[in-house]
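The values are calculated or read from the model by the stated rules, or taken from the named source; none is laboratory data. Nothing here was measured: the structure is a model prediction, and the numbers come from that model. Quick reminder, even Gly has a Cβ in these numbers, built from the backbone with ideal geometry, and neighbours come from all protein chains shown. To get the accessible areas, we keep the full protein, side chains included, count just its heavy atoms, and leave off ligands, DNA and RNA. Shrake-Rupley method; radii C 1.70, N 1.55, O 1.52, S 1.80 Å.
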Amino acid sequence: MKRSYILELVASSKFATSLLFRVRSARGLLGMGQYTGPEPGRTTSTKGRLARPLSSARLLIAICVVLALGACGNNDDVIPPFTITWSVAAGDLNGDGRTDLASANTFIAGPPPHPGHVSVILQSQSSPGAFGGAMNLAVGSDTAMVSLGDLNGDNLMDLVAANDTSASISILFQNASSPGTFLAAQNLGVGAHPGGVAIGDLNGDGHLDIAVADSVLSVLFQNAGVPGTFFPPISLGVHCSSVGIGDLNEDGRADLVATGGGNVSILLQNPAGAGSFLPPQTVAAGFQPFNVAIADLNADGLLDLAIANYGTPDNSATASLSVLLNNSVSPGGFLAATNYATGERSWSVSVGDLNGDGKADLAVANAGGLGNTGSVSVLFQNPGAPGTFLPAVNRPGTSQPLGVIIADLNGDSLLDIALADEGVRILFQIPGQPGTFQSPILVGS
């Protein structure tokens, strides 16, 4: 069984669902408990059963690996250990004014837990667009996502990683005496199966806090008296696969958006209590919303939502991108979603002006389906209709793109695309040809 085929199996939620029920006898070995029925407030529908497999798809890889390593009868079916890159983030990680990259990775060699690491890939100071080798930093297990932010007020970017099977986040503070290097990870417990993390000031005290997409939507407030330390997590009671932070209703307070369980949940901050949130409002998107990006998509000054939808279990072609525009009459409420076709199994979305027309465009990482390589979908905004988008232009990935970020990665003032796709790969924009991109280049290897 080849590594690429295992990734394709994971990308198919139909296979994943049937597999979960076929390998109950292996659950003890895999560290997965028996299915005990729905969570409180959920039914035992197929949709409910799929909510957790989608938000914790990394565990399914372990099932596939166990089957490949131990349940097959000849050496041709045995796969070597390998690394999966789940997400990528961009920012200046050493203070030299150039955009660098960080990725979240999991090393697969058997059943979980699998060791995770964050790779830091610095851009060359002398050759714009060239990147050095990856510096791999140990974190928790089954690391799913990494985000960047200055968490201790020293004007240096730090890293936060979400670790699925260790139910933790890892904070890596930058070493102030050696920019671009990082201290050993500090691991903090959160809810079960954290798969996403967002950084922002959630209580207006001027210090960055952390929101974690996990079984309960955990929020960790920074201790203002001891910068870089955090109070124990507070649960907001929302099972989710991704989370975003932004002021959605123009009241000057940061709000939260979470995807998971087939829903998009909007949690507006409570004006009566800094850092507390009103009960979630649910809005509809496409089939199985998996990842959210928050940005002003129609230039009206209000933050909108772009949602990558994974699609239905039995049809990977039902993956899509949903755009939900903020209601200018009632900020914090959203108009009905407009759904756009993408590639198979849309996993991640990023926002940026990809053709230099001053309007926000979208890039979507699509993991692909059984037998099909994944892709990246680029959706340019319709210049004649703000907040609407032209049909997707799909470019094949190298294997299964799982993460995407838009950033200027060579200093030419043109935005490029970086993918988490068997490592980190960059699609540089071609100068003089707005919105066109070179073939992907592997960096950090």
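So the values come out like this:
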{"item": "Ranked packing of 321-327, 109-115, 178-184, 402-408, most packed first, by mean Cβ within 10 Å", "result": "402-408, 321-327, 109-115, 178-184"}
{"item": "Percentage, to the nearest whole number, of Cα pairs in segment 397-445 over 11 Å apart", "result": "64"}
{"item": "Exposure ranking of 214, 296 by accessible area [1.4 Å probe, largest first]", "result": "296, 214"}
{"item": "Net charge of neighbours whose Cβ lies under 15 Å from the Cβ of residue 218, counting Lys and Arg as +1 and Asp and Glu as -1", "result": "-3"}
{"item": "For segment 93-165 versus segment 209-246, the gap between their alpha-carbon centres in whole angstrom", "result": "20"}
{"item": "Stokes-Einstein D in µm²/s, Kirkwood radius over Cα pairs - segment 312-445 at 10 °C with 1.306 mPa s viscosity", "result": "103"}
{"item": "Rounded accessible area per residue of segment 284-335, 1.4 Å, Å²", "result": "33"}
{"item": "Under-5 Å amide H pairs with residue 332, H placed in peptide plane, nonlocal only", "result": "327"}
{"item": "Residues of segment 125-168 with amide N under 15 Å of the 7 Å Cα→Cβ point at residue 181", "result": "135-138"}
{"item": "Environment charge of residue 437, counting only residues whose C-beta is closer than 15 Å and scoring Lys/Arg +1, Asp/Glu -1", "result": "-4"}
{"item": "Stretch gain in nm, segment residue 338-residue 278, where the contour uses 0.36 nm per residue and the Cα spacing is subtracted", "result": "19.0 nm"}
